[in-house]
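Notes to accompany the following structure.
The values are calculated or read from the model by the stated rules, or taken from the named source; none is laboratory data. Treat the numbers as computed from the prediction; the structure is a model and nothing was measured. Glycine gets a Cβ as well: all are built from the backbone with ideal geometry, and neighbour counts include every protein chain shown. Each accessible area value is taken on the protein alone, full model and side chains, heavy atoms only, with ligands, DNA and RNA left out. Shrake-Rupley method; radii C 1.70, N 1.55, O 1.52, S 1.80 Å.
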Amino acid sequence: MSTLLNKNELVAALERLAADIAAALPQGAPLAVVGIRRRGETLARRLLPLLEKVGTPSQHYGVLDITLYRDDLTTIGPHAVVRGTELDFDLKDTWLVLVDDVLFTGRSVRAALDALTDFGRPQAIRLAVLVDRGWRELPIQPDFTGLRVETTRDQIVKVMLEEVDGVDEVELHE
Amino acid sequence: MSESENGTLVWKRKHLLTLEELSREEIVHILDTAHGFEEVSTRSVKKVPALRGHVVVTMFFEDSTRTRMSFTLAAQRLSADILDFSEKMSSTKKGESLRDTARNIEAMGVDIMIIRHGAAGSARSLTESVNCCVVNAGDGQHEHPTQGLLDLYTIRQRKGKVEGLKVAIVGDIAHSRVARSNLHALLKCGAEVTFVGPPALVPGVFRELGAKVTHDFDAVLPEMDVINMLRIQRERMTSNAFPSTREYVRLFGMNAERFKRCKPDVLIMHPGPVNRGVELSADIADGPNSSILSQVTNGLAIRMAVLFLCQQAASA
């Protein structure tokens, strides 16, 4: 096991993400931040005060449960827990930043895009991830990346967040 | 039953046949899953692709409006394809057995069968003839598990908990599968259940299942947190077991006068369809303490959850 990000580095990575999002946001566009359950949700919530600090407060916040949209439901099987989606705003014309913890095959993001489509039509969707570990199976790339890391296919990137796991750390497991 | 790495229950049943055989954890898992599905019905596009490419067939050998529609809509919201088997137009009228009918339907590539049948145990015996998932939508006077679940869900939603609540189930308990499913679910979740009705319809033998039994509604009225008024099922009634309708209403009907003696926040439930003026007077059925319409709405989320979980277990 090796540590990819400690607590301070994780905070710094999130601050960088917030700054990058702020710099890319088109003038006057209504910003919406939507996290993918569960750790993407926590990261998205953490981005809110950081975005405010750099002068681009998010006007909307939402949570996406992609369980029902996954194409690998049969392989993740009955472990899937449906917690529901919370998008209490009109997606139309928003500049929507989708947030997830780890970008791997891209299948979660594909499912999230399908789910978002059922709710409305944002003006644009961008993807922010804490860790990009490679090994994409779909033509999906992040717009904002906290950390890019080379991995082998079998390694596991474990993102732990205080709100969910009691500690802030990103680890690489063999 | 086992637990996943994040501590939540792993659902392993591909059939839902009774609530009697489920653990408290399994029941709570269905309710929690249903909560996740509630939001789907509030979307502008009220559909998710969870059962896309799967085939669901409803096989109702007894009349039903809301249960069949609720299951059909639940399956549609999960993007399944729906077949409707109607006995009146089918070969069972030509003498085909349930077993042969079911096996023939399954051969078309069906993933989930939803069955309502007049014989107790029919859903379970179906699982011996077919390989697909079987969901019991009511088997004789035995069980109606999704009704029990949606009632429990409604109680939890309106009261915030189930544990410790006093629940009266009033009416024709002897013939009621709803009463049995409710009893099992409520007892497992820590509620106290009292069956109320005339002696012929509420035999004392129900005490053996863990219920309290009384024939005096007025005596228990003031202490109840939830009162579930069952429908008087004329179609199941043998003539002399039942007092006259007027007598029944006088002793067991819920009306404004009785309501005044209830707790102010009492929850009044009814599985429908209501015989207005018999089990419930109209002002009570439509009043703020009534959950009749939320029961119908919640039934949809419960049935989506059940179809989803059973299919998940089957494909695991």
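Counting only DSSP beta bridges with both residues in chain A, the antiparallel share comes to about 30 percent.
Antiparallel beta bridges, as assigned by DSSP with both residues in chain B, represent about 10 percent of the total such bridges.
Note on the protein assembly as shown: antiparallel DSSP beta bridges, both residues inside, total approximately 15 percent of the bridges counted.
Among the GluC sites (Glu not before Pro) within segment A:76-159, those in coil by DSSP and having at most 13 neighbouring Cβ atoms inside 10 Å are A:Glu137, A:Glu150. Charges were assigned to the Cβ only: +1 to each Lys and Arg, -1 to each Asp and Glu. The resulting dipole of segment A:9-151 about its Cα centre is roughly 120 debye. In this structure, the pairs whose alpha-carbon distance is over 24 Å, taken from A:Lys158/B:Lys161; B:Lys46/B:Lys166; B:Lys14/B:Lys188; A:Lys53/A:Lys92; B:Lys159/B:Lys188, are A:Lys158/B:Lys161; B:Lys46/B:Lys166; A:Lys53/A:Lys92.
Counting only whole DSSP H helices of chain B, the ones at least 27 Å long by C-alpha along their axis and with mean Kyte-Doolittle hydropathy no lower than 1.0 are B:292-315. Tell me which DSSP H helices of chain A clear both cut-offs, 18 Å or more of axial length from alpha-carbon atoms and a mean Kyte-Doolittle hydropathy of at least 0.0. Membrane-span-like by this criterion, though nothing is claimed about a membrane: A:7-24, A:107-119. What you get for chain B, charging only the Cβ of Lys and Arg (+1) and of Asp and Glu (-1), is a dipole of about 460 debye around the Cα centre.
For chain B, the spherically averaged projection of the C-alpha convex hull amounts to 16.9 nm². When the chymotrypsin sites (Phe, Trp or Tyr not before Pro) in segment A:90-142 are filtered for DSSP coil states and for at most 14 other beta-carbon atoms within 10 Å of their beta-carbon, the remaining sites are A:Trp135.
Only the Cβ atoms of Lys and Arg (+1) and of Asp and Glu (-1) were treated as charged; on that basis the dipole of the protein assembly as shown about its Cα centre amounts to roughly 1300 debye.
Relative to one another, the C-alpha centroids of segment A:91-120 and segment A:158-174 are positioned 23 Å apart. Seen from a random direction on average, the alpha-carbon convex hull of segment A:1-75 projects onto 6.9 square nanometres.
For segment B:133-156, backbone nitrogen atoms closer than 18 Å to the point 7 Å from B:Val205 Cα along Cα-to-C-beta are found at B:140-143. When B and A come together, around 1700 square angstrom of accessible surface is lost from both chains combined, probe 1.4 Å. Among the cysteines of the protein assembly as shown, those with no neighbouring cysteine Cβ under 4.7 Å are B:Cys132, B:Cys189, B:Cys262.
Sort out the exposed loop trypsin sites (Lys or Arg not before Pro) in chain B (DSSP loop, at most 10 other Cβ within 10 Å) and tell me the longest stretch that has none. The answer is B:1-259.
Given an 8 Å cut-off on Cα distances and at least 6 residues of separation, report the relative contact order of chain B as a percent. Reported as a whole number, the value is 21 percent. Taking Lys and Arg as +1 and Asp and Glu as -1, the other residues whose beta-carbon sits under 11 Å from that of A:Gln155 total -1. Measuring nothing but how far apart in sequence close Cα pairs (under 8 Å, 6+ apart) lie, relative to its length, chain A scores a relative contact order of 26 percent. Computed over protein heavy atoms with a 1.4 Å probe, the accessible surface of segment B:145-292 works out to 39 Å² per residue.
Rounded to whole numbers, the Karplus 3J(HN,Hα) couplings from phi for segment A:161-172 are 10, 3, 5, 9, 10, x, 8, 9, 6, 10, 10, 10 Hz, using 6.51 cos²θ - 1.76 cosθ + 1.60 with θ = phi - 60°, and x at Gly and Pro. Within chain B, the longest run free of exposed loop sites, counting GluC sites (Glu not before Pro) that sit outside DSSP helix and strand states (H, G, I, E, B) and have at most 11 other Cβ atoms within 10 Å, spans B:164-316.
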